[in-house]
Each structure stands twice: as C-alpha cells, then as structure tokens.
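Structure, as structure tokens:
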Amino acid sequence: MTTFLITGASRGIGLGLVERLAARGDRVLACARDPAAPDLAALAGRHSDLITPHRLDVGDPDSVATLAAALDGQPIDVLINNAGIRGPDRQSALDMDFDGFAQALAINTLAPLRVAQALLPNLRRGERPRIVTVSSIMGQLTGGGAGDVAYRTSKAAVNKVMQGLAAELRPAGVTVVVVHPGWVKTDMGGKGAALTVAQSTRGLVALIDALTVEQTGGFYNHDGQPLEW
Ligand SMILES: NC(=O)c1ccc[n+]([C@@H]2O[C@H](COP(=O)([O-])OP(=O)(O)OC[C@H]3O[C@@H](n4cnc5c(N)ncnc54)[C@H](OP(=O)(O)O)[C@@H]3O)[C@@H](O)[C@H]2O)c1
C-alpha cells in the first residue's frame, strides 16, 4: 500500500486522484481548504479506512506548519502538489491585476515548495519517495501566446523551482517531477476540455507509479511522454 498526500483534494483533478487511488486500495491524505467539502466528505465516507481528510490552505504558512505537525513521524511515499488557481480576471501583459498576479505566484509557485519542504521529513521516511507537482504546458517557455500571463508565469516558475528541488534531493533518492495533466474538464479547464478527470488521472497515476529517480527533474505529460520546458 502506498501513502499519497494530495493538495487541492476538494474537487477537480485532486478529487479524481483521491478517488482513483482509494479505489485501488492506496492510503490518501486528502488535503483541502475545507476538508468537509461535500464531494470529498462523501468519498472519504465510502473509504474511511483509506482516506483521511486534512485541512490545508497551501497559501497560508501557518496552515502548512499545522499540517506538518499533525503528520509528524508519518511516512509519505508520494506528495502531489495539485492545488492551483487560474489567477485574476485581468492578466494580460497590457492590463494586469498585480495583486492577483502575486496571489497566483503564491499559490502556484511558492506553495508547492513550501509544502514540499514542510513534508520532507515524512517523505524521507517513505518508500520510493516522489514529489509530483501539477504544472501546465501553459508555462512552457517554448510556447508563445498572449494572455493568461499570471497563470503562465506561475507555472513556468514552479517548473524551475522543482528543477532546483530535484537537484537538491537527487542524492537523497527523492524523485521530483512536474506534470501536465492535459486539458481537463474541471471548474478550471471548463466543459469544453479534451479529457475527463478519469482519463487524466488514469495517465497521471500510471506515470507516478512508474517514476524512477533517473527521471528526477523532468517535465512529463499525463500520458508519460517527456515535455519540452
Ligand atoms: N483543468 C485543466 O485543464 C488543467 C490544465 C493544466 C493544469 N492544471 C492544473 O491542475 C491542477 C488542478 O486543477 P483543476 O483543473 O482540478 O482545478 P479546479 O477544479 O479549479 O480545482 C482547484 C483545486 O485547487 C484547490 N485550491 C485552490 N487554492 C487553494 C489553496 N489556497 N489551498 C488549498 N487548495 C486550494 C481548490 O480548492 P477549493 O475547492 O477550496 O477552492 C480545488 O480543490 C492545478 O494546479 C491546475 O493549474 C489544470
């Protein structure tokens, strides 16, 4: 049995990951701003032996520290930094909501590192420890495109952050990667997206299962293929 900790488990891809992992018998620490969010609570009720909801606002350092203290000494095999936001309504390079831009960086870029640092003692106790951060091809520097500058920048930046973490943790045997989940039908992705949550999470879980330390520092598509930075 593998122990996963997933952020942003209240809905969307995070909730889908919790569902898939519990269905096959893995243990899931399902972290959400509201651990009593209806869909998560219903799922946790059906798998009360496997899913433990925890309160976590990834943007609040006190919340991260409280979670780490509550989990002190518990091994975690896989951390999935999934929580993310699209950022402000106004985020073109010509008309930017700068407070919203800073919030996007706080949640999408800084929080995954803060959570990873806080839970590193747990991961060091885990089996084949892996840190997986859900990024996006919208952060690829090889792609152009106007608009969504706050979101794109926050994802490009978290890719670089995780490259650095991968280099730091390679000697300790902790694998660190970033992944693109595909364009997924969630509140963020919208109804017109290409993939269902089930299709995306099937690929992501297969990718995470097969990860080796040789892949550390990589950027992978949900289908397992390496991506350009
Ligand atoms: N959907 C796509 O097409 C797509 C494509 C590429 C990448 N992604 C990435 O995939 C990840 C999941 O996206 P999604 O499509 O599932 O989005 P979603 O349906 O909007 O869900 C976002 C999740 O993040 C949580 N969250 C937001 N701010 C948080 C905070 N401060 N602390 C803790 N949790 C917080 C939300 O919790 P609340 O319920 O409390 O708001 C929710 O559980 C994100 O990182 C996103 O950037 C998505």
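Restricting the first member to segment 178-189 and to residues that are on the phi < 0 side of the Ramachandran plot, and the second to residues that are among the small types (G, A, S) and more than 6 Å from the ligand (Cβ to nearest atom), the beta-carbon pairs closer than 6 Å and six or more apart or on different chains are V178/S135; P181/S200; W183/A194; V184/S200.
Rundown of residues vs (1) surrounded by 17 or more Cβ atoms within 10 Å (Cβ to Cβ); (2) touching a Leu at 6+ places or on another chain (Cβ under 8 Å), yes/no style:
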residue	(1), (2)
P112	yes, no
R125	no, no
G145	no, no
V161	yes, yes
E168	no, no
P181	yes, yes
A194	no, no
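Candidates are the residues of segment 10-23 that are buried (at least 24 other Cβ atoms within 10 Å of the Cβ) and either modelled with pLDDT under 95 or near the ligand (Cβ under 6 Å from one of its atoms) (or both); the one that is farthest from V197 (Cα to Cα) is G14. All conditions but one from (1) under 15 Å from I80 (Cα atoms); (2) outside any helix (DSSP H, G or I) apply to M162; the one that does not is (2). Per this entry, A36 is not counted among residues that are exposed (fewer than 14 other Cβ atoms within 10 Å of the Cβ) and not in a loop (DSSP other than H, G, I, E, B). Any residue in segment 57-70 that is assigned to a loop (DSSP other than H, G, I, E, B), without any contact (Cβ under 8 Å) to a residue 60 or more places away in the chain, away from the ligand (no atom under 12 Å from the Cβ) and within 21 Å of R128 (Cα to Cα)? No; the residues of segment 57-70 include none that is assigned to a loop (DSSP other than H, G, I, E, B), without any contact (Cβ under 8 Å) to a residue 60 or more places away in the chain, away from the ligand (no atom under 12 Å from the Cβ) and within 21 Å of R128 (Cα to Cα). Here is the figure for segment 71-96: residues that are more than 13 Å from the ligand (Cβ to nearest atom), more than 19 Å from I6 (Cα to Cα) and touching a residue at least 12 places away in the same chain (Cβ under 8 Å) total 5.
The values are calculated or read from the model by the stated rules, or taken from the named source; none is laboratory data. Everything numeric here is computed off the predicted structure, so don't read it as measured data. Positions of Cβ are backbone-derived with ideal geometry, glycine not excepted, and every protein chain shown enters the neighbour counts.
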